[in-house]
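A quick write-up on the structure given underneath.
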Amino acid sequence: DMEVAIKVVVVGNGAVGKSSMIQRYCKGIFTKDYKKTIGVDFLERQIIVNGEEVRLMLWDTAGQEEFDAITKAYYRGAHACVLVFSTTDRESYQAIDNWREKVEAEVGNIPTVLVQNKIDLLEETVIKNEEAEALAKRLKLRFYRASVKEDLNVNEVFKYLAEKYLQR
Ligand code: GDP
Ligand code: MG
């Protein structure tokens, strides 16, 4: 039968760990100084969801988000979205609404998940748990606390999105 392929966009401010998350999920590695491989738009991984083979294509940016310069081509045809902020970066938390609106404007209401990354740095947190939970509730999004570094909850994020997409 036909294989399901899902384009996932991973958005959020610079340095929240988007590239690291994609690399962790697709290659199983974490490096302190990840540099985007020039010319590679996405990495992929195949998983089985409800007995169905699903190919997840995780699209990365080359850092354009820092200049608010992500092009329409990045979002085009996206089926699912990961909104990421960092435990140690309050601005990245405050920017989530803005990222959500951008994605919606380009591709409408697609399966989306909210992720607080760098949970291994909880002692340095600048976001209260209640605040993060309130944001998820207001946006009506499933919320995960994750650490790409410690490989905590990364698989769960993408499994959830694949399931959500298959339910459509
Ligand atoms: P991007 O700009 O959103 O793509 O962020 P990067 O993936 O380039 O990560 C920015 C920095 O955060 C890098 O130094 C990563 O090693 C680091 N980083 C990513 N995820 C984690 C995490 O879960 N914990 C910690 N402590 N550092 C992380
Ligand atoms: Mg990056």
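The values are calculated or read from the model by the stated rules, or taken from the named source; none is laboratory data. Please read these numbers as outputs of a predicted model, since none were measured by experiment. Using ideal geometry, Cβ is built from the backbone for each residue, glycine included, and neighbour counts are taken over all protein chains shown.
Results, tabulated for the structure shown:
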| read-out | value |
| --- | --- |
| Filter result for L56 (within 16 Å of ligand 2 (Cβ to nearest atom) and either under 17 Å from the mean Cα position of the chain (by Cα) or in a strand (DSSP E or B) (or both)) | no |
| Qualifying residue in the range 138-149 (condition: within 15 Å of ligand 1 (Cβ to nearest atom), in contact with a helix residue (DSSP H, G or I) (Cβ under 9 Å, 6 or more places away or on another chain) and among the hydroxyl-bearing types (S, T, Y)) | yes |
| Filtered residues of the range 68-89 (kept if assigned to a loop (DSSP other than H, G, I, E, B) and either more than 16 Å from ligand 1 (Cβ to nearest atom) or over 17 Å from N13 (Cβ atoms) (or both)) | T71, R76, G77, A78, H79 |
| Condition check for D89: under 16 Å from A146 (Cα atoms) and under 17 Å from the mean Cα position of the chain (by Cα) | yes |
| Filter pass, E66 being surrounded by fewer than 18 Cβ atoms within 10 Å (Cβ to Cβ) and touching a helix residue (DSSP H, G or I) at 6+ places or on another chain (Cβ under 8 Å) | no |
| Single match in I48, I38, I29 (criterion: exposed (fewer than 11 other Cβ atoms within 10 Å of the Cβ) and modelled with pLDDT of 95 or more) | I48 |
| Meets criteria (surrounded by fewer than 21 Cβ atoms within 10 Å (Cβ to Cβ), closer than 25 Å to N109 by Cβ, among the aliphatic types (A, V, I, L, M) and modelled with pLDDT of 95 or more) for M57 | yes |
| Residue in the range 105-118 that is farthest from E156 (Cα to Cα), counting only those that are under 15 Å from the mean Cα position of the chain (by Cα) and not hydroxyl-bearing (S, T, Y) | I110 |
| Residue check for N129: over 30 Å from A5 (Cβ atoms), among the polar types (S, T, N, Q) and surrounded by fewer than 14 Cβ atoms within 10 Å (Cβ to Cβ) | yes |
